[in-house]
Structures are given as structure tokens and as C-alpha cells.
Number of protein chains: 4
Amino acid sequence: MPKVSEDYKERKRESLLESALKCFGEKGYQSTTMDDIVAYSNTSKGLIYNYFKSKEELYLTLMEERTNRTFKNLKERFEKFSTAKEKIEELFRIYKDKELTEDWRKLIRVHMEFWIISPRQENTNEIMSNRYKQYRDFLVQIIDEGKNAGEIKKEVQSDIVASIFWAFIDGTCLHYSVVGENYSYMEQFNKTEEMIMKYILTT
Amino acid sequence: MPKVSEDYKERKRESLLESALKCFGEKGYQSTTMDDIVAYSNTSKGLIYNYFKSKEELYLTLMEERTNRTFKNLKERFEKFSTAKEKIEELFRIYKDKELTEDWRKLIRVHMEFWIISPRQENTNEIMSNRYKQYRDFLVQIIDEGKNAGEIKKEVQSDIVASIFWAFIDGTCLHYSVVGENYSYMEQFNKTEEMIMKYILTT
Amino acid sequence: MPKVSEDYKERKRESLLESALKCFGEKGYQSTTMDDIVAYSNTSKGLIYNYFKSKEELYLTLMEERTNRTFKNLKERFEKFSTAKEKIEELFRIYKDKELTEDWRKLIRVHMEFWIISPRQENTNEIMSNRYKQYRDFLVQIIDEGKNAGEIKKEVQSDIVASIFWAFIDGTCLHYSVVGENYSYMEQFNKTEEMIMKYILTT
Amino acid sequence: MPKVSEDYKERKRESLLESALKCFGEKGYQSTTMDDIVAYSNTSKGLIYNYFKSKEELYLTLMEERTNRTFKNLKERFEKFSTAKEKIEELFRIYKDKELTEDWRKLIRVHMEFWIISPRQENTNEIMSNRYKQYRDFLVQIIDEGKNAGEIKKEVQSDIVASIFWAFIDGTCLHYSVVGENYSYMEQFNKTEEMIMKYILTT
DNA sequence: AATGAATGAGGGTTCATTCAT
DNA sequence: CATGAATGAACCCTCATTCAT
């Protein structure tokens, strides 16, 4: 029977991760110091080490949990749709609905940085490769369903198209996060959607 | 060994930049130490500071020169082509011709890292935004020429398509640099080319 | 060993300043390294930076506090005297009572060095000029009181004499700190006192 | 038979010392780099080491020669005077005739710095102590002559008064070099002269 | 559990000195 | 002779991590 409830600890942990995310978004992983996170989270240095055994672990945990949750949300969001067309439209809608704030641009950079850092460590490279495949296969499945339902042309190569889709998403987000204001974010999504749909749909 | 030719100094400088690039590719900008670069370039710590006044300047110079040179090469490569179709095919060819080596993946990451770091510094953000526009406008011009020549549909929005093109390129490179071996790099370029061409060409 | 009393921290701070003073006395400001101070104070490099954000700040703080305290002590010491003659005698006594140790000679040099360094920095020059005027005016006031009381000749120029007094003090200390043993420190103070008194007193 | 005349080398040497003096005046001994001196003297780094085997030697040589020359000039200047009174007046005149420029203030600081640095090295401390005695004894001799001639009171302690004189000189110069513009340099010399003369002269 | 003082390895940078040309 | 590129020890400072309280 702990002095402090499990629930409290969990909330503390979340709050630390939250703070870390903010700081990483501001300065990047390397440039963010533990002191930055301490300052932002209004706790103490020692406390962070009770929850995470190193800055790196904090970072990896943060990114791990974020990607998992995002992917989980993604899947849930799709349960209510039945046709492939609707699902793909929903996929685009996710990104078209984003609020184009500075905060989001920072978030993008945190994730992009993680992509880039990951191949430099034996461990994370594997994780990220799998993550990529997870996302790709998620879309592959949708496309395949579409093919079976006659919505999507049989000759479409599901994995290639899926891969192209995510490449476009990440490329666009990357550019937007750098260029900002003057980037034709929304128009690009609309046009790309049009182009891809025209390319794969039977009608 | 002073009183050395300008040529000698230029080569030294190049060699330092070369070494730095290698090291940044290996560990990233922040994690690369001046000692790493010293070790790799077989020189001494002090010497680097005769050529670049700080690690940051070395980095910025490196990235600046690389991007400039790349863009210049890009333009030159296109002089021998006359139609828009040929030019766009050439653009794809550049990337399809890349040797898919570990070295190139590292190179991609160096450039991606620079994209991400840039918004965190007043100065570089501007530079990178302009760089992006340079590349985009380069393609915009080609598309516009194509429209005038009747090769490309009048209703195509040049800037949006150009922007989509580069988003796809960078997204694909980013993913490839992380996923590596099992990434369907070549097929994606082929399909994307097909898709885009079908989308914009009149015939 | 955190959560430490303010008092503890204050003592730590004092002890660091103390150590720094010792080291500066030994080698001078520039030649003293942070490692010297660390070694002398039995702490760690990082800790010093918790209290002072740079070597320079440590130095300036040290000198600032020392001069302030000295001047404060000076003033207090004079409260119990009423006539100008007594006060001036007391002024001389301060210096005549000094123990002529190697430690004191080092201390002199630290202060002299600060005088000399100060004009090279925008900021400190102003401070030191004011310090000088503070000391001078302190004596000017005593002399003026003496004039009003009829102790000191009306025609004496207070500021000039005050300035001469401090010039003599610093000159003597400077020479003593260099020449050491064989310097006729005490006799000089006695004779100068005699000479100045004869020059300004009415009787 | 050297390729380059001895005369040329001597002038080069002088010019290097001259440049060093300028630089030391600007930044102080420690903060002046060999590069500073090279830049100021329009020569090369290697060349300096042909003339002086280290920065320290350059510094010591400079200070040595300057003090020697100054002392030599001092003595010569006095040959044309016969009475002690005239000589002491001349001594004061030397300082009263100084042009109160920023350059001179820098010069003072170079010399003061040398005083302070000297006790920290076995070698220079001895030199400076002797230098001090040289100057003191020079004045002692004048005073003694004055006593013999009946100009100066027999009971005056020559060495103490001489020492006081130089203490006053250096103290005044030190303060002037720091305080600058608003320092009553000239008036102090006048008054001090008056005071000392009154104190020692028989009439 | 929570704190934050303490640690010290390691990083970027400087600069006196050397020596090949 | 003169040059200035090259060297590397040494410096100041940062910051992830520890641990006494």
C-alpha cells in the first residue's frame, strides 16, 4: 500500500512526458537539458530520475508512447467507415483537419528528429522500421479491401501506393514545419487526394 | 609549412568540410565533436579554427555550400532538355539513378537534420525557406513552360504540383534513409512518376 | 545533499569567494584557473558555476563585495571620533596597524590589479572611478568639518589634499607589496602623517 | 657578414617592442596575444620568435629596456642643475609636463601591471626591488647634497622622504590612469610639491 | 517521496610555440 | 630571412547523473 496512489504517480509521469515533449519541441532532443524539463514541469531533478532512468529513456519512452497512441487512435477512427474510399478520405481528413499552429509545427519536428536519430542506434532503428511498416500495412489492408470490393483497380500495387502516401504525408509535414505560414499545406492535400484517388479508384 | 598556395588552402578547406560531412552523417551535428572531425581529417584541433570560426559556422558553411552546389548541378543538368516532359523525367531520373548505399542514407539524414534544426535559429529558417522556394519555383517554371507548349494541362496549378513533387521526394528519401534495405525506393519513384505524369500531361 | 539552509549556502558562497581571493592573490586574476580555485576550495568545478555564472562574475563579485565591506568598516570605525584631527589620525592608524605579512602583500596586489584591469572594461571603469570618489569625498568631508571647527586652515583645498592622501596610501601599498621586507613602511606613514598634519592643521 | 645589416635588425627589434608596448597598453600583458602584436607590427609570427624566444621574454625585455632608458634620461636631465631645490623642482616638472593623454594612461597601466606581476616570479621581483631602490637612492643623493649645502634641513630622513616621494608619484599616476578626465592631476602635483618643499627646505 | 547541491567527464575554443617552405 | 600553417595543451564552461538530507 504505497503512500502515494498509483493514479497520482501515473499522472505525474504523464506530466513529465508532456513537459519533455514541450521542451524537445522547443530546442530539439540534444539541446534540451534536464534542467529545462525540470523548470518546465515544476518538479525537481531527482524526481525525474525516479520515473526515467536517463534522459534517453525519457525520450524513447515519450516517442514510443506517442507513436503507439497515435496509431491506436488512427485505427479506432476508422472503425466506423466501411468502404475503402471513405477510409482513405478519412486518412486525408486527419491531416486536413490539423490546426496549423506553431505548436503543431514543433510537434512535427520532434517526430522528424526521432526518425533521423533512430538509425544511429541499433535499437531504435528496428523500432522505427517496424513502425513504418505498421503504418504502411494499415493502408495496404484498406487498399486490398478496396480491390476486393471493386472500388480500387486490381492492378494497383497496394504496398507501393501505401508507401507513396506516407512519403507524401511526411514530406509535406516536414516542409510545412520549416516553411510555415506561406506553405500551401491545405491545397497540397486536396490535390494529392484528387490525384491519388483518380489513380487508384475504378470509377 | 606556411606560405602555401591558395589552391592548397582551398583543398584543405574542402577536405575539412568533407570530413565534417562524414562525421555529421555518422552521429549527427550535435553528437559529432570537434575531436571526431579532427580524428577523421587527420589534422589538429587548432587548424580547423583557422578555417572556420566555430563548429556551428563549419556546419552552416558545409550545408550552405552543399545545397548551392546541388542546385547549381541541378540546373546545369537540365540545359540539354527542351520539353517539359523530358525535364520532369530527368528530375525523376536524378533520384532513380542514385546508388542506394549506406553512405547516401547518411547524407540524406544530414540534410534532413538541417531542415529540422533550421527553424530553431532565426537565421537559418529564412535561408531554408528560401531554399525550398528556389526548388519549388524551379519546377514551377518547367511546368509553366509545359503549359505554354501544350504539353501540360492548363488547369494544373503549377506551384501546388511542384510542391507536392518535392514533398514526395523528401518524404521518400526520409523513409528510405530510415527503413533502408527493405524500402521499395525504386518502385515508388516509378509509380509516382507515372501517377504525376498521368495527372498533368495532356496526352 | 539538497534542501539546504540559506545560511549554509551563504557560507558556501563566502568560502568560494574566500578561496578565489586566495588564488587571485597567488597568481593574479588571469593566471588563476577555475581548477586552481576548485582545488583550493575542495569543491567541484560545477559547483562554482551554481554560485557564479563565470570566472569574471566571480571576480567582479569578489572585488565588489570586498570594497563595499572595507568602505563600510571604514565609516563605522570613525563614528566614535569627533574632531577632524582624531579622524585623520585614525585614518593613518588603520594602515599603521596592518600586520606586514606576505598575505597582506598579496591582498594589495589583488586590489591593485583590479584598479588596473578596470579601465579596460566599459563597466568596471565607471565603478572604480566612483569608488575612488567615494573614498576621496569621505576624507573631504572630514577636512571640511575640520575647517569649520577651526582645526584646519581655511585655505587648504580639501579635495586636493584628500586626493593626495589616497595617492600616497596606494603608492605606498603598491611599493610595499613589491619591495616587501626592506621597505620602510611604518616610518613612511609616520613621516607622511607628520608632514600632512603640519601642512593642514592650524596649530 | 650578415645579409641584413645590424642596423636594420635593430630597428626591426625596436619596432617589435614598440608594437608590443602598444598592445600591452590596450589589453594588458595576459590578454594580449602574439597575434595581436603580429597584426599591429605588420610582421609574421615566426619573425617575432627570431628576436624574442617567448612572449614572456618579449615582455620582460620591453619593460627592462623602458625602465633603463627612463632612468638614464632622468639622470641626464639633471646634469644641468646644481642645487637640490632645482633638482627636486625638476623632478616634479617631469610629471607636471606630461601630456594627459589616453596614451599615457595606458602606458602607466603597463608599468603598474609590471609592478604587480613582478613579485609572482622569483626573477622579476628582485629586479623590481632594485629598480625601486635605484630610484629612491637617486633622490636620496639629491637630498643629501641639499643637506650638505644647507638647503635642506639636517633632520630630514633622506630615504624616508625619497620613498614618500615615489609613493606619491606612483599613487597619483595609478589613480589618474583609472579615473582619467576628472582627476586633479596637476593641482595635486603642485600642492604636493609645495608641501614637501615646505617640509624639507630650510628656508 | 522529493529535493537540489554536488560531481566531474567531456565539449568547444584559444593561443603560445614550432617548423616546413 | 620571413612566413603563417600546424600543433596540442590547457582553459572555461555545461550538463547528465547521483545521493545526502
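Testing residue B:50 on (1) surrounded by fewer than 17 Cβ atoms within 10 Å (Cβ to Cβ); (2) farther than 25 Å from residue A:120 by Cα; (3) away from DNA strand F (no atom under 16 Å from the Cβ), one condition comes back false. Which one is that?
Just one mismatch for residue B:50, condition (3).
Can you give me the number of residues within the range A:55-87 that are out of contact with any strand residue (DSSP E or B) (no Cβ under 9 Å at 6 or more places or on another chain) and farther than 30 Å from residue A:10 by Cβ?
Qualifying residue count for the region: 5.
Among the numbered criteria (1) touching a Lys or Arg at 6+ places or on another chain (Cβ under 9 Å); (2) part of a helix (DSSP H, G or I), which one does residue A:81 miss?
(2)
Hey, could you check the range A:107-148 for residues that are farther than 19 Å from residue B:108 by Cα and among the polar types (S, T, N, Q) and say which is farthest from the other protein chains (Cβ to nearest Cβ)?
Residue satisfying both the conditions and the ranking: A:148.
Just to be sure, is residue D:67 within 21 Å of the chain's Cα centre (by Cα) and either touching a residue at least 24 places away in the same chain (Cβ under 8 Å) or within 21 Å of residue D:124 (Cα to Cα) (or both)?
yes
Which residue is most open to solvent (accessible area, probe 1.4 Å), if the candidates are limited to the range D:154-176 and must be within 7 Å of another protein chain (Cβ to nearest Cβ) and within 19 Å of residue C:129 (Cβ to Cβ)?
Filtering first and then ranking leaves D:170.
Kindly indicate the residue of the range C:6-50 that is in a loop (DSSP other than H, G, I, E, B) and either near DNA strand E (Cβ under 9 Å from one of its atoms) or under 23 Å from the mean Cα position of the chain (by Cα) (or both) and also farthest from the other protein chains (Cβ to nearest Cβ) among those meeting that condition.
Selected residue: C:42.
Which of (1) surrounded by 15 or more Cβ atoms within 10 Å (Cβ to Cβ); (2) within 14 Å of chain C (Cβ to nearest Cβ); (3) within 16 Å of DNA strand E (Cβ to nearest atom) does residue D:56 not meet, given it meets every other one?
(1)
Could you pull out the residue among B:113, B:151, B:102 that is touching a strand residue (DSSP E or B) at 6+ places or on another chain (Cβ under 7 Å) and either surrounded by 18 or more Cβ atoms within 10 Å (Cβ to Cβ) or closer than 30 Å to residue A:131 by Cβ (or both)?
Being touching a strand residue (DSSP E or B) at 6+ places or on another chain (Cβ under 7 Å) and either surrounded by 18 or more Cβ atoms within 10 Å (Cβ to Cβ) or closer than 30 Å to residue A:131 by Cβ (or both) holds for just one of B:113, B:151, B:102, which is B:151.
Go through A:100, A:107, A:91 for me and flag whichever is assigned to a loop (DSSP other than H, G, I, E, B), under 16 Å from the mean Cα position of the chain (by Cα) and assigned by TED's automatic domain parsing to the domain that holds residue A:181.
Matching residue, one of A:100, A:107, A:91: A:100.
May I ask you to verify whether residue A:96 is surrounded by fewer than 19 Cβ atoms within 10 Å (Cβ to Cβ) and in contact (Cβ under 8 Å) with a residue 40 or more places away in the chain?
yes
List every residue pair whose Cβ atoms sit under 7 Å apart, with the two residues 6 or more apart in sequence or on different chains, where the first one lies in the range C:26-39 and is open to solvent by less than 70 Å² (accessible area, probe 1.4 Å) and the second, anywhere, is of a type in the set (Val, Ile, Thr) and assigned to a helix (DSSP H, G or I).
Every condition considered, the pairs that remain are C:28/D:117; C:29/C:117; C:34/C:48; C:37/C:48; C:38/C:48.
Hey, residue B:108 hits all of (1) open to solvent by 20 Å² or more (accessible area, probe 1.4 Å); (2) in contact with a helix residue (DSSP H, G or I) (Cβ under 6 Å, 6 or more places away or on another chain) but one; which does it fall short on?
Going through the list (1) open to solvent by 20 Å² or more (accessible area, probe 1.4 Å); (2) in contact with a helix residue (DSSP H, G or I) (Cβ under 6 Å, 6 or more places away or on another chain), residue B:108 breaks only (1).
Which members of the range B:141-192 meet the condition of being without any contact (Cβ under 8 Å) to a residue 60 or more places away in the chain and part of a strand (DSSP E or B)?
none
The values are calculated or read from the model by the stated rules, or taken from the named source; none is laboratory data. Every value quoted in this text rests on a predicted model; they were computed, and no experiment measured them. All Cβ positions, even for glycine, are placed from backbone atoms using ideal geometry, and neighbour counts span all protein chains on display. With ligands, DNA and RNA removed, areas are computed over all heavy atoms of the protein, side chains included. Shrake-Rupley method; radii C 1.70, N 1.55, O 1.52, S 1.80 Å.
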